[in-house]
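Readers should treat all values here as calculations from the given coordinates under stated rules, not as data from a laboratory. This is a predicted model, so every value here is computed, not measured. Here the Cβ positions follow ideal geometry from the backbone for every residue, glycine too, while neighbour counts run over all protein chains shown.
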Amino acid sequence: MKTALILNGPNLNLLGTREPAVYGSATLADVEKLCAQACAEHGLALDFRQSNHEGELVGWIHEAGRAQAAGTLAGLIFNAGAYTHTSVALHDAVKGTGVTLIELHISNVFAREAFRHHSFLSPAARAVMCGFGVQGYALAIAGLAQMTAAG
Ligand code: DQA
């Protein structure tokens with residue numbers, strides 16, 4: 001069974017209390033449960049993590065690249081939070097490892113402030129998902145499972 005790695009970037013530990021009108025009332029623990037259920041439905045193991053530190057996220061992407069090369073990882077679903085809009089380092093980590101990336105956002109970033117319209121990750125992503133609320137995580141897992149089955 002291959003693993004889906006789900007990484008969450010800065011401030012996503014605040015889900016549930018953070019701007020509920022934008023991000024909803026589910027906590028990150030609720031999101032992890034939703035992901036566990038979706039992974040179980042699609043025959044994937046789940047590795048779910050959050051960090052507020054860019055360098056830690058870079059290290060985890062390197063680890064993901066090695067796991068994908070070894071055949072144990074289906075791919076990476078990544079909500080990079082605000083680092084999406086600022087981080088060349090995260091772009092380079094994805095490009096440098098060749099890991100399969102699905103970029104994810106809970107909110108529709110294109111309906112929000114102009115500074116959220118640019119993503120450093122999108123050019124390195126296989127697919128991009130935004131605006132489905134936290135259900136987007138389950139949809140992204142379904143998409144990753146389909147990509148994995150298609151080879
Ligand atoms: C976000 C959107 C980003 O612009 C923001 O900085 C976040 C969360 C989302 O999930 O909608 O932290 O990635």
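So the values come out like this:
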read-out: Looking only at segment 97-109, and only at residues there that are within 10 Å of the ligand (Cβ to nearest atom) and more than 12 Å from the chain's Cα centre (by Cα), the one that is nearest to Glu19 (Cα to Cα); value: Ser107
read-out: Failed item in (1) within 16 Å of the ligand (Cβ to nearest atom); (2) farther than 25 Å from His91 by Cβ; (3) within 15 Å of the chain's Cα centre (by Cα), with Pro10 passing the rest; value: (2)
read-out: Leading residue by the ranking (surrounded by the fewest Cβ atoms within 10 Å (Cβ to Cβ)) among those in segment 113-149 that are in contact (Cβ under 8 Å) with a residue 60 or more places away in the chain and not in a helix (DSSP H, G or I); value: Gly133
read-out: Every residue from segment 1-27 that is in a helix (DSSP H, G or I) and farther than 20 Å from Asn108 by Cβ; value: Asn13
read-out: Matching residues in segment 64-96 - criterion: being assigned to a helix (DSSP H, G or I), more than 16 Å from the ligand (Cβ to nearest atom) and crowded, with 23+ Cβ neighbours inside 10 Å; value: Ala64, Ala93
read-out: Lone qualifier among Ala40, Ala36 - being within 16 Å of the chain's Cα centre (by Cα), surrounded by fewer than 22 Cβ atoms within 10 Å (Cβ to Cβ) and in a helix (DSSP H, G or I); value: Ala36
